[in-house]
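The values are calculated or read from the model by the stated rules, or taken from the named source; none is laboratory data. Please read these numbers as outputs of a predicted model, since none were measured by experiment. With ideal geometry, Cβ positions are generated from the backbone for all residues, glycine too; neighbour counts draw on all protein chains shown. For the accessible areas, the whole protein counts, side chains as well, though only heavy atoms, and no ligand, DNA or RNA atoms are used. Shrake-Rupley method; radii C 1.70, N 1.55, O 1.52, S 1.80 Å.
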Amino acid sequence: MERQGPAIIGVGRTRFGEHYEIAPEKLVEEAWLRASESAGIERKDLEAGYFSDYFLQLTNKIGIEEGFLSELSELHIPMEKMRSFSSALLNACNAVQSGRYSFVLVGGVEKMTDRWDKIRDDLMLLEDPWSYYAGCTPEANHELMLREYLKRYKISGKSLETFNIALAQIAAKNHYHATKNEYAQFQKEVAVETVLEKRLQTSKPLGLYDFAPISDGAAALILASHEIAREYTDTPVYVAGSSSATDYITFPSREDRTGFVASTAAIESALKMADLDINQIEIAELYDQSTLLEMTSLEDLGFSKRGRAWLDISNSCRDYEGFYQIDGKKLFVNTNGGLKADGNPLGATGGAQIFEIVRQLRGEAGDRQVKADGDLRFGCALELEGFGTKAYIHVLGRD
Amino acid sequence: MTSEPIERRVSYIGDRLRGSRCIVCGREYFKTKDYCGKCGRKSFGKMEEVDFFYEKGKLEVCTLIKEPTNKFTKLGPFIYGIISFHDGKVRVPGRLTDLILRNKKIELSSFEEREVIPRFRRRHAVGHSDIIPTISLAFTFADEYYPHQEYDIVKPKKEYDTPGIVGYGVYVPKFRIKEGALERSIPFMDEDSITAAVEAGKTALVHSGVDSSLVGKVYVGSESNPYAVKPIASKVAQVLKLGEEEKPDGLQGVDAVDTEFACKAATSMFKDASSLVYYPGANTSYAMVIGTDNSQAAPRDEPGGELDLFVGYGGSAFIFGMRDVIAEIEGWYSCTSDTPDFWRRDLESYPRHGGRFTGEPAYFKHTTKACRKLMERLNLQPEDISYFVSHQPNIRFPVKVAKELGFREEQYTAGLQVAKFGNTYSGASPIGLAAILDNAKPNERIVVVSYGSGAGSDAYSLVTTSQIEEKRRRQKFTIRHQVENECIEYVDYDTYRRLKLGL
């Protein structure tokens, strides 16, 4: 019997995209109120808050986020601020698990479009300074990893063509999913040819449609202790496993540059905690900052064999039916549109991932509800901080 | 704004590419480390410093950067990748420099797997009043313009009675503009007089085989230091590790100073360097003199723009000492007068000069006087001199002065390099001298006459020794290499101005 940890009893989010006119705290408020409403709890039930954002200090001159949230909620409860949503959730889980709190608010926000001309420089704070000094960009490491991958697995000629198309198919697939997601930033389809064309225009290995956008948005959830969750909902979703791992900040210094060891370490310990096997996970939200990362994450997490994910993708996307078919098994990936099409407001991104898995497990995903072969019971979300510098895995399950 | 304490630490590591090696297991790290992750506690006190400054690396993978972060936009498109050293023991991020990629079709695999050498360059653009950031995580291909030269310290064999040149290096990049008979050297975007000084000094150390810790003083002469206040010499001393390095505070036991006297700022110090190494009480085995300039000129259609037809870019470095000398200094003569033929006021970007006034009462008067006086003192006739070289602001002046002093064409052509590099200001007559030293036989006499506006001249007489030939094989980056290289890239006027203005 798998482990049943703290329960998510409500989720909420804003649409991702450009919200020039909305202040960051208003975005959090919107997500938080939706989560509270869906959980059916009162503001005063909250005992603690864990929040996440990466860059509000830079982008919005907001230094102590907790103060804004205290003012907004008119609560004086303990609050802590982390970088990623998954980090906030992991810490909230630990606190609830320890028995300290019964109800915790977890929220994340980012406001990136306010700083359009500087945001790519801000993103370099997630890399090592030496790479920055040598001319690195937020996209460069993805492309270097792609070159390493091609070298390692000796992919050239006809295979290279298939490989390049497979990556483009990931973008097209994620855009297709986003058409059914009312919260997604880009609710429109993008053709594989368009993705390929953008690469050709700049003579680069990855193009505009291979990368996630910058976005504004917020997400929130209400975490409750296992014991009381059933009093508030008939369909609690349990955090069966939560884990994180780290890797060197300097990408060139890493031993393996064709994947992320942090992702592999995180999934291993999260599965162990949940007492599950990777084959029991049927739906996954992967951190597709680029199409390449969705592909390599399939390998890092053990869904695909090393060096074969692009073939699995290629085979599944020829006539895409809404899921990847890997060794005869269905795997639903990024059904919200992924970072690519759903949007990527850093501090809130992980919240959208959890939001999606919760909705799918509860059967509340509407038009985009996946059709698993049996009962859909387990899903996982992979969130990264930096270029694989930190990896967070949350394994979610239901009764 | 660049923050100064951070800048100090970053340049200390990055300018020289300093790292660490565990002497227990041999594992290497880029950036200094006191502890080996593999050996754990037993590596305490067993980490040694290693640097990659003179090494050759390999570009493993790369990508094209077309939309750089804000401080890199001026560079235009560039190649960024991962470079490995020592067969993959260490990997560093790096930018390929000296490539103009605009509108070029790029095949990434044509760059990968090739050998690269670190170059000392500006890191990125900063505001006009900020510290200029530098780094050696910029690379060029080893099989192109810049050859890889190993730095082997050689134990000196012979002690001389007279001080002289023990090694030298000239640094001119591969970019040129050709207009009529004149070819001129141009810096790449990330170069300036500081980077040329370091690169020239590095080449001189390689050629001389001198242990850099024995260099007790470095002089850098320039009229285009990007700082009004802050020496180039301090950067040279730090990057080239001149003098004993005091660890762990990162101080170099060396005296470093910048000098300024228009185009004779460097040659003027030849005698000071020689005297210093000669004086026993100074305890200085070697002294280095560098002349470096990104020769300034206003655009052609602006006042002072006539200089824009002649200016070049480059640096030269000479190491003086008493051991393993390749050319002894026989004597010198200097003269000075307050002649305002060329000047640049504080806060002005470009110098101005006095038109035809710069020729007769300025250049010719001082150079002929200095040379005649020197020859008189040493009792020399033109036929006693194998090579004559003078300051070369254009092609006409040095030829005219040579003829006036009674030298024949075969005596002055070897040192005439202005037609290939343009007027490199402080580096001009030293580059001519280097071209002669590249080919001179033992026991030949060279007379070099510099000229600096403002105005003054230094004349030196040097006599080559037998060691000039045995040291020659250590110098791959000769003047000839820099003139005849097939990788030289010619650019148009607009590109030239853009590159010259730099980051």
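May I ask which of B:Lys271/B:Lys365; A:Lys111/A:Lys330; B:Lys33/B:Lys235 have a Cα-Cα span longer than 32 Å here?
A:Lys111/A:Lys330
Placing +1 on the Cβ of each Lys and Arg and -1 on the Cβ of each Asp and Glu in the stretch B:2-98, which of B:Gly37, B:Phe85, B:Leu59 has its Cα farthest towards the positive end of the resulting dipole?
Final value for the positive-end residue is B:Gly37.
For each pair in A:Lys154/B:Lys104; B:Lys174/B:Lys400; B:Lys264/B:Lys400; A:Lys26/A:Lys61, compute the distance between the two Cα atoms and list the pairs where it is over 21 Å.
Over 21 Å Cα-Cα: A:Lys154/B:Lys104; B:Lys174/B:Lys400.
Evaluate peptide B:87-97: per residue, the Cβ atoms of other protein chains within 10 Å of its Cβ; return the mean as an integer.
4
Can you give me the % of accessible surface on the protein assembly as shown that is carbon or sulfur? Probe 1.4 Å, all protein chains present, nothing else counted.
Carbon and sulfur together cover 48 percent of it.
Mind checking the mean number of beta-carbon atoms from other chains within 10 Å of the Cβ atoms in B:74-83?
4
Over all pairs of distinct alpha carbons, what does the Kirkwood formula give as the hydrodynamic radius of chain A, in Å?
Computed over chain A, the radius equals 20.8 Å.
Nearest 5 percent is fine: what portion of the DSSP beta bridges confined to chain A is antiparallel?
Here the share of antiparallel DSSP bridges comes out near 75 percent.
Counting Lys and Arg as +1 and Asp and Glu as -1, each charge on the Cβ, what is the dipole of chain B about the Cα centre in debye, to the nearest 20?
980
Take peptide A:146-153, look around each residue's Cβ out to 10 angstrom, count Cβ atoms belonging to other protein chains, and average those counts.
For this peptide, the per-residue mean of nearby foreign Cβ atoms is 3.
Of all the Cα-Cα pairs you can form in the protein assembly as shown, what percent are over 45 Å apart?
40
Just give the residues from the stretch A:178-212 buried by at least 20 square angstrom of accessible area in the all-chains context relative to the isolated chain, probe 1.4 Å, and say none if nothing qualifies.
A:Thr202, A:Ser203, A:Lys204, A:Pro205
Could you work out the relative contact order of the stretch B:13-133? I mean the mean sequence separation of Cα pairs under 8 Å and 6+ apart, divided by the number of residues, in percent.
In percent, rounded to a whole number, it is 22.
If you scale each eigenvalue of the Cα gyration tensor by 5 and take the root, what three semi-axes come out for the stretch B:361-503, rounded to whole angstrom and sorted largest first?
27, 21, 12
Could you give the size of the charge dipole of the stretch A:73-160 about its Cα centre, using +1 on the Cβ of each K and R and -1 on the Cβ of each D and E, expressed in debye and rounded to the nearest 20?
The dipole magnitude comes to about 500 debye.
Which of the residue pairs B:Lys71/B:Lys420; B:Lys58/B:Lys105; A:Lys390/B:Lys31; A:Lys173/B:Lys66 have a Cα-Cα distance greater than 25 Å in the structure shown?
Correct reply: B:Lys71/B:Lys420; A:Lys173/B:Lys66.
Roughly how many Å² of A:Leu90 are accessible to a 1.4 Å probe, to the nearest 10?
30
Assign one of three labels to the stretch A:286-384, namely rounded, prolate or oblate, based on the Cα gyration tensor with a ≥ b ≥ c the square roots of its eigenvalues; rounded applies when a/c is under 1.5, prolate when it is not and a/b is larger than b/c, and oblate otherwise.
Oblate shape, in that a/c is at least 1.5 and b/c is the bigger or equal ratio.
Once you have a ≥ b ≥ c as the square roots of the Cα gyration tensor eigenvalues for the stretch B:59-161, tell me rounded if a/c is under 1.5, and otherwise prolate or oblate according to whether a/b is larger than b/c.
oblate
With each run of n ≥ 4 DSSP H residues scored as -39500 (n - 2.57), what mean residue ellipticity at 222 nm is computed for the protein assembly as shown after dividing by its residue count and rounding to the nearest 500 deg cm²/dmol?
Mean residue ellipticity at 222 nm (helix-derived): -8500 deg cm²/dmol.
Restricting to chain B, compute how many DSSP beta bridges are antiparallel as a %, nearest 5.
Bridges in chain B that DSSP calls antiparallel: roughly 75 percent.
Over the stretch A:248-399, what is the percentage of antiparallel beta bridges among all DSSP beta bridges, to the nearest 5?
70
Tell me which of B:Met375, B:Ala362, B:Leu347 sits at the most positive position along the dipole axis of the stretch B:314-382, charges placed on C-beta atoms (Lys, Arg +1; Asp, Glu -1).
Result: B:Ala362.
Treating only the Cβ atoms of Lys and Arg (+1) and Asp and Glu (-1) as charged, compute the dipole magnitude of the protein assembly as shown about its Cα centre; round to the nearest 20 debye.
2280
Give me the one-decimal nm value for the distance between modelled label points at A:Lys26 and A:Asp399, 7 Å along each residue's Cα-to-Cβ direction.
4.1
Can you give me the Kirkwood hydrodynamic radius for the stretch B:10-94, using every pair of distinct Cα atoms, in Å to one decimal?
Answer for the stretch B:10-94: a Kirkwood hydrodynamic radius of 14.4 Å.
Indicate the gyration tensor shape class of the stretch B:397-451 (rounded, prolate or oblate), computed on the Cα atoms with a ≥ b ≥ c the square roots of the eigenvalues: a/c under 1.5 is rounded; otherwise a/b larger than b/c is prolate and the rest oblate.
Since a/c reaches 1.5 but b/c is at least a/b, the shape of the stretch B:397-451 is classed as oblate.
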